[in-house]
Each structure stands twice: as C-alpha cells, then as structure tokens.
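Asks: Please find one structure pasted underneath; my questions will follow.
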Amino acid sequence: MINPTTQIKYHNIVTDKDEHYNVIELEEKAQVAEETVMNTHRYWVPINADISNRDNYLEPKTDPDFNIHADFAEYRKQFNFLTPAEIKATRERIGLSLRETATLLGMGFSTLSNIERDLVLQSYTQQLKLDYLTEPTQLKKLVSMHHSLIESRFEGRGLNAKKMFQTINTYLKTQNL
C-alpha cells in the first residue's frame, strides 16, 4: 500500500489556481550511466486521483528534475564520484578558473561547467580526469609530464599558461610538494 508522506498546495501560474497534491515516495531502481541504482523517488499525485495508478504520478512541479538529481547523487555516492560541489571547491582551492581547469584536464569548458552545475553526470573517463584535482601528487605529475602539450592547448584557447603553472605550483607548495 502506498501512503502519502505529505500534502502540498501548488499555485499554477498559468491557470492562476491552487492545485492540491499528495506527495509520495517510492523505492525504485534507476538506470544511470549503464548502472542500476536503488533510490527513493518523489512524486506528486493530484489529491483526488488514484494513488496506486502510476499514470497519475507527476514529477514534483517545483523541481521537475528532483528525481534525476537524486539518482545522480546516489550514483556518485555508490561509485565514489566527486559531487559538483566537491569539484568546484577543489578547483577553487587550487585557484584555477573553470576554463583553465577544463583545458588542463582536456575537457570542454561547457562540459565541466555543466558537471559543476549538476546538469549532467560526469562519465567514468571524465571522473578519472577530475581525480587529478584531488590528488596533488598526480596533479604535479600530470603538469610535469605534459607541460608542453598543456602550454600549447592554453595558447590555442587564448589562456595564460604561465599564470596557470604558477598557480598550480603555489598550490602544490601548500601541499608540501
């Protein structure tokens, strides 16, 4: 038996009327990046609709992507992927801009921006690249081994490679490297 967790009133700005819903939560399997995760999904069901009929289930009107973001969060937790907040905080702690970080890691700027804003889930390959940010020794090795290539890519994108290398070296010194 499905029981509502709460009831909610939502003002529909199109019709300028209040709508009333039961909020339900269900444990469901979700397919995320070719993997199955179990997660609690939230749905809104119109107050007079049959709560056992899945055709009546609506994504939360205040956040239609609520269940998707919850699935991304569960996937990241289960498979040890960095969260968008962790990626941004680590990048900022190092002192790199979004464009510098994307170029350094061989990612597109918009891709990294979308990952940081939780609009997309990073792929496994992208996660491996993002791990460089959290492992100072590996970051140092990446910069050292691919210095010329990184410099060339920065130049090609109109970015200041010298400044970025200085920023990373300053960060690595704080990590005693």
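The numbers here are math on the coordinates, done by the rules we state, and not lab data. These numbers were taken from a predicted model, which means no experiment stands behind them. Because the Cβ atoms are built from the backbone with ideal geometry, glycine has one as well, and the counts that use them run over all protein chains shown.
Asks: Can you give me the angle between helix 161-174 and the longest principal axis of the chain, using Cα atoms only, in degrees from 0 to 90, rounded to the nearest 10?
Replies: The angle comes out near 80 degrees.
Asks: While we're here: State to the nearest 20 debye the size of the charge dipole of the chain about its Cα centre, where the only charges are +1 on K and R beta carbons and -1 on D and E beta carbons.
Replies: Dipole size: approximately 1180 debye.
Asks: Moving to a separate point now. Taking Rh as the Kirkwood radius computed over C-alpha pairs, what is the Stokes-Einstein D of region 102-177 at 10 °C in a medium of viscosity 1.306 mPa s, expressed in µm² per second?
Replies: 121 µm²/s
Asks: Continuing with this model, one more query. Per 10 Å bin, what is the whole-percent P(r) computed from every C-alpha pair distance within region 6-78?
Replies: Whole-percent P(r) values from 0 Å outward: 19, 45, 26, 10, 0.
Asks: Quick one: putting +1 on the C-beta of Lys and Arg, -1 on the C-beta of Asp and Glu, what dipole do you get for region 84-174 around its Cα centre, in Debye to the nearest 20?
Replies: 260 debye
Asks: Nearest 10 degrees is fine. How inclined is helix 84-94 to the longest principal axis of the chain, computing both from alpha carbons?
Replies: So the helix axis and the longest Cα principal axis differ by about 20 degrees.
Asks: Any idea how many Lys pairs in the chain come in under 20 angstrom at the alpha carbon, given 8 or more places apart or on separate chains?
Replies: Going through the chain pair by pair, I get 19.
Asks: Moving on to the next point. Counting every Cα pair in region 75-121, what percent are over 15 Å apart?
Replies: For region 75-121, the fraction of Cα-Cα distances above 15 Å is 42 percent.
Asks: For the chain, which span is the longest to avoid every loop-located (per DSSP) member of trypsin sites (Lys or Arg not before Pro) having at most 16 other Cβ atoms inside 10 Å?
Replies: No qualifying site falls inside 1-60, the longest such stretch.
Asks: In region 59-168, which chymotrypsin sites (Phe, Trp or Tyr not before Pro) fall in coil by DSSP and have 14 or fewer other Cβ atoms within 10 Å?
Replies: Phe79
Asks: On to the next question. Can you show me the helix-derived [θ] at 222 nm for the chain, built from DSSP H runs with n ≥ 4 at -39,500 (n - 2.57) apiece and divided by the number of residues, rounded to the nearest 500.
Replies: After summing the helix terms and dividing by the residues of the chain, the value is -14500 deg cm²/dmol.
Asks: If you don't mind, another one. What is the log10 of I(q)/I(0) for region 98-142, computed with the Debye formula using one identical point scatterer on each Cα and no solvent, at q = 0.15, 0.20, 0.28, 0.31 Å⁻¹?
Replies: -0.34, -0.60, -1.07, -1.20
Asks: Of the labelled options (1) 1, 8, 18, 21, 22, 17, 9, 3, 1, 0; (2) 1, 7, 14, 15, 13, 10, 9, 8, 7, 6, 5, 4, 1, 0; (3) 2, 8, 17, 20, 19, 15, 11, 7, 2, 0, which one gives P(r) over Cα pairs in 5 Å bins from 0, in percent as computed for this structure?
Replies: Comparing each candidate, only (2) matches the computed number.
Asks: Quick check of the Kirkwood formula: for region 135-177, what is the inverse mean of 1/r over all pairs of different Cα atoms, in Å?
Replies: Its Kirkwood hydrodynamic radius stands at 10.6 Å.
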